[in-house]
Amino acid sequence: MPELVVQLTRAGFLALLWLFVFAALRVVRSDLYAASGLRVELPGRRDKQAKRPIGGRKTARQLVVTHGALAGTRIALDGRPILIGRADDSTLVLDDDYASTRHARLSLRGTDWYVEDLGSTNGTYLDRAKVTAPLRVPLGVPIRIGKTVIELRP
Amino acid sequence: MSRPVGLAGGRSDGSATSPGIGPLGKPATRRGTEAWLLGFAAVIMTSALVLVEANQEQELTWAIVWYGLAYFGVFLIAHVAVRRWAPYADPLILPSVAVLNGLGLVMIYRIDLALAAKAEQIGTTHTGDAPKQVIWTAIALALFLAVLILIKDHRTLTRYGYTCGLVGLVALALPALLPRSLSEINGAKVWIKLGFFSIQPGEFAKILLMIFFAAFLVSKRDLFMSAGKRVLGMELPRARDMGPIVIAAGVCLGIFVLQKDLGPALLFFGVVLVLLYVATERFIWVLLGLTLFSVGCVIAYSLFTHVQQRVANWIDPLATYDQPGGGYQIAQGLFGLGTGGVFGTGLGSGRPETVPAANTDFITAAIGEELGFVGLAAVLMIYLLLAMRGLRGALAVRDTFGKLLGGGLAFAIALQVFIIVGGVTKLIPMTGITTPFLSYGGSSLLANYILVALLLRISDAARRPRKPQKPRPQQPAIAEQHTVMVQAPDGPGGKS
């Protein structure tokens, strides 16, 4: 073979090998975002769905217990309703004599979280107001259930 | 959210169809990615073959294209099997293996050509190893399919933990106990000769023992976590908990003594240590194991002449260049790497056959000579990808046994590559161990394909969407109905 062809094929094959490595790395990169099923927006494809919550006010990401026996507990909000009460199947299980078995529920409607009382004995309070109908919960406003106080945080 | 990836990824992601998550939020199986990467692997293998044929001044025929297509076809069968039996398996593991195996086949064929030319000069003939390796590849892929089909769920393996351990130990010890005529090839007593071919049971024992250790650690994990005496501010494990690691060290040293082979001992020991560390998250085990291993090494060095020789060859291969069993092989390998330089001599243009055992232990030297540093680095990158994807599967899988086994298997690949490439490049003393997928050898190829099948099985379990998730959304749905009742106080039956 002519020398030039030998040199070109030599470099070409090395390029081919590294092209494979880079193709594989590209798969790795795109997979990073899908790790463990978490949906993280890719730059460039988030413009449709995710603009409003980022541009407008912040959405609640976690629920924090600020007072009471469970103070310091954090629960990540994933859109599923949060049940609060003494029942074992509650999301936040309270060990509080002033709480009912199924005391209150936080649920997501649209982009806002609403709190509702589930017929508790001692009532649920959003800031100072007693919760009788579902109320929208702004960020950082305390919800009192018995001796426990919880808040939504971004 | 201005991530640095935005710069590199903005343009390409606009056109990309779906990176990780398919429509409806279901994790994509990514089998299409695997298929085209396998095609890429076949292209690499074919072009390597063309280059070898051209540079060795062989006749270029259309047969090469058929070889390439056949290679692609064989892996396509594996791909279809993965599609059928492990649809969520990692898409990079199989293509990486295909590239390594293809490159290995071409290198073995290329060394065959050189050795045949050499044999012709002195009037003998050289029987090629490449056809045998092709047959081994086919058998290995059949075994791969069998493992993938038979083991539907890797967790069933925990039931056979002790059986695996026993069989593994017997397989490991068998060559050492058999008479020399049945078990020794080139001074290493690690074989079982079976008429036409011989197998190296240690390669399979490696996987069996890993299954045993993972199963054992999952069931006895608490024992290792319990604290013992505090010595010098470190918590030492209790004496009875140290049993397994002492046994592991003893068995490894026993094999090492009887088989005159440091490589497998180092590999087993390293994998056991990593499994212990992963299971307990306590660094003391690694420290303890390394201490035991260095003590073992010192004892072995003072007792055995062949260990002293290996170390002497490592320290200065040129000093023992002319002695029998001296540094000739390592020195030749280093000369080969030096000849290759950064870009290599080009496939088929070097002289890798001047290194003894160029197609087995020293195949990385042959690759380094013909593809240079750049090519060898790419090969090592592919190994890294393979191990990384294995570890990723182990991290993501939900059961402890899968985590331990996957981590152990992936680490075993990385450690094995380190031991052999480190030996060839004179980083550590040379120990006889195969390069996974690249080097000539049936047992190694079969065992490594089984290993890859297990890794695929584990990564499939890791990425498969959780089954009980289907009934789960129904529960909030029922709860939601309850909400509707409460929510309508101004409706007809509002106050109840």
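The values are calculated or read from the model by the stated rules, or taken from the named source; none is laboratory data. Predicted model, so just to flag it, every value in this text is computed and none were measured. Cβ coordinates were reconstructed from backbone atoms using ideal geometry, including for glycine residues, and neighbour counts include every protein chain displayed.
List every residue pair whose Cβ atoms lie under 6 Å apart, where the two residues are 6 or more positions apart in sequence or sit on different chains, the first residue falls within the range B:425-441 and is part of a loop (DSSP other than H, G, I, E, B), and the second residue, located anywhere, is basic (Lys, Arg).
Short answer, once both residue conditions are applied: B:PRO429/B:ARG310.
Being modelled with pLDDT of 85 or more and more than 7 Å from chain A (Cβ to nearest Cβ): is that true of B:ALA54 here?
So B:ALA54 does not fit the description; no.
So B:ALA117 ticks every box in (1) surrounded by fewer than 18 Cβ atoms within 10 Å (Cβ to Cβ); (2) modelled with pLDDT of 90 or more; (3) of a type outside the set (Lys, Arg) but one. Which box is left unticked?
The one condition B:ALA117 does not meet is (2).
Among (1) touching a residue at least 40 places away in the same chain (Cβ under 8 Å); (2) farther than 21 Å from B:PHE418 by Cα; (3) crowded, with 19+ Cβ neighbours inside 10 Å, which single condition is B:GLY350 missing?
B:GLY350 satisfies every listed condition except (1).
Evaluate the range B:319-326: report whether one residue or more is touching a Gly at 6+ places or on another chain (Cβ under 8 Å), of a type in the set (Phe, Trp, Tyr) and within 14 Å of another protein chain (Cβ to nearest Cβ).
There is no residue in the range B:319-326 that is touching a Gly at 6+ places or on another chain (Cβ under 8 Å), of a type in the set (Phe, Trp, Tyr) and within 14 Å of another protein chain (Cβ to nearest Cβ).
Would it be correct to say that B:ASP153 is acidic (Asp, Glu) and either in contact with a helix residue (DSSP H, G or I) (Cβ under 6 Å, 6 or more places away or on another chain) or closer than 30 Å to B:GLN56 by Cα (or both)?
For B:ASP153, the condition - acidic (Asp, Glu) and either in contact with a helix residue (DSSP H, G or I) (Cβ under 6 Å, 6 or more places away or on another chain) or closer than 30 Å to B:GLN56 by Cα (or both) - is not met.
I'd like the full set of residues that are outside any loop (DSSP other than H, G, I, E, B) and either out of contact with any helix residue (DSSP H, G or I) (no Cβ under 9 Å at 6 or more places or on another chain) or surrounded by fewer than 16 Cβ atoms within 10 Å (Cβ to Cβ) (or both), limited to the range B:84-114.
B:ARG84
Which of the residues belonging to the range A:97-119 are away from chain B (no Cβ under 12 Å) and crowded, with 18+ Cβ neighbours inside 10 Å?
A:ALA99, A:SER100, A:HIS103, A:TRP113
Count, please, the residues in the range B:38-65 that happen to be surrounded by fewer than 16 Cβ atoms within 10 Å (Cβ to Cβ) and closer than 21 Å to B:ALA114 by Cβ.
The qualifying residues number 7.
Where the second residue is of a type in the set (D, E, K, R) and in a helix (DSSP H, G or I) and the first is crowded, with 19+ Cβ neighbours inside 10 Å and lies in the range B:156-184, which pairs have Cβ atoms under 6 Å and are six or more apart or on separate chains?
If the second residue must be of a type in the set (D, E, K, R) and in a helix (DSSP H, G or I), no pairs are left.
Looking at (1) in a helix (DSSP H, G or I); (2) of a type outside the set (S, T, N, Q); (3) on the phi > 0 side of the Ramachandran plot, which one does B:GLY123 not meet, given that it meets all the others?
Only one criterion in (1) in a helix (DSSP H, G or I); (2) of a type outside the set (S, T, N, Q); (3) on the phi > 0 side of the Ramachandran plot is unmet by B:GLY123, namely (1).
In the range B:347-388, which residues are under 15 Å from B:VAL106 (Cα atoms), more than 14 Å from chain A (Cβ to nearest Cβ) and not β-branched (Val, Ile, Thr)?
B:ARG351, B:PRO352, B:GLU353, B:ALA358, B:ASN359, B:PHE362, B:ALA365, B:ALA366
Assess whether B:SER443 counts as being within 17 Å of B:PHE204 (Cα to Cα), away from chain A (no Cβ under 13 Å), touching a strand residue (DSSP E or B) at 6+ places or on another chain (Cβ under 8 Å) and buried (at least 20 other Cβ atoms within 10 Å of the Cβ).
Here the answer is yes, as B:SER443 does meet what is asked.
Condition check: of a type outside the set (D, E, K, R), in contact with an Asp or Glu (Cβ under 6 Å, 6 or more places away or on another chain) and at pLDDT below 95. Does B:SER443 satisfy that?
yes
Which of the residues belonging to the range A:13-28 are farther than 24 Å from B:ALA89 by Cα and more than 8 Å from chain B (Cβ to nearest Cβ)?
A:ALA15, the sole residue that qualifies.
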